[in-house]
Amino acid sequence: VQLQASGGGLVQAGASLRLSCVVSGGTFSNLNVNWFRQAPGKEREFVAAVTRITFSTYYANSVKGRFTISRDNAKNMVYLQMDSLKPEDTAVYYCAARPRAGWSTTYSEFDYWGQGTLVTVFQ
């Protein structure tokens, strides 16, 4: 399974970005997919999750109400719509997938990773 993230960029605080993650080489409908992020000098942290069957969504408290995760099984795509961006959202964003039941916020439980896309938010 391969994942490729895209859509990052340099934006001003308050702006929006949409990240995309295309998944290939596996059965996408069997995968739970998350977005994680890692800021310089910090641990990788959970951002959002979308489950494989019910399409249920979960968010970190820091992004709840501003970010929206979604998936399109027909296109093997997962998206992260990021609105009202803040400087503290600056990080490399990664999509990750795991072919197991249940969702998780723990990055070590994910088998497949994209290469990351950089989001920089300036004041």
* Sum up the charges of everything whose Cβ sits under 10 Å from the Cβ of Arg66, counting Lys and Arg as +1 and Asp and Glu as -1, but leave Arg66 out. => 0
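How much length would be gained if the chain were fully extended between Lys75 and Thr54, taking 0.36 nm per residue of separation minus their Cα-Cα distance, in nm to one decimal?
Value of the extension gain: 5.9 nm.
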* Asked: Which lysines have a Cα less than 24 Å from the Cα of Lys64, not counting those fewer than 8 places away in the same chain?
  -> Lys42, Lys86
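If Met82, Met77 are ordered by their accessible area, calculated over protein heavy atoms with a 1.4 Å probe, which sequence runs from highest to lowest? Could the numbers behind the result be given before it?
Details: Met82 0, Met77 35 Å².
Largest accessible area first, the residues go Met77, Met82.
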* Asked: Using a simple charge model, +1 on the beta-carbon of Lys and Arg, -1 on the beta-carbon of Asp and Glu, nothing else, what dipole does the chain show about its Cα centre, in debye to the nearest 20?
  -> 160
* Asked: Can you tell which of Ala101, Thr120, Val63 lies farthest toward the positive end of the dipole of the chain, using +1 and -1 charges on the Cβ of basic and acidic side chains (Lys, Arg; Asp, Glu)?
  -> Ala101
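Between Glu45 and Ser29, what length comes free when the chain is fully extended (0.36 nm per residue of separation minus the Cα-Cα distance, one decimal in nm)?
Length gained between Glu45 and Ser29: 3.3 nm.
Hey, got the dipole for segment 72-123? About the Cα centre, +1 on K and R Cβ, -1 on D and E Cβ, debye to the nearest 20? List each step's numbers first, then the result.
Details: 4 positive and 6 negative charges, 29 e Å.
Dipole magnitude for segment 72-123 comes out near 140 debye.
Please list Thr105, Thr117 from largest to smallest accessible area, probe radius 1.4 Å, with all protein chains kept in place.
On the way: Thr105 70, Thr117 15 Å².
Most to least solvent-accessible, the answer reads Thr105, Thr117.
The values are calculated or read from the model by the stated rules, or taken from the named source; none is laboratory data. Remember, it's a predicted structure, so these values are computed and weren't measured experimentally. Every residue, glycine as well, gets a Cβ built from its backbone with ideal geometry; the counts of neighbours run over all protein chains shown. What goes into the accessible areas is simple: the full protein's heavy atoms, side chains included, and nothing from ligands, DNA or RNA. Shrake-Rupley method; radii C 1.70, N 1.55, O 1.52, S 1.80 Å.
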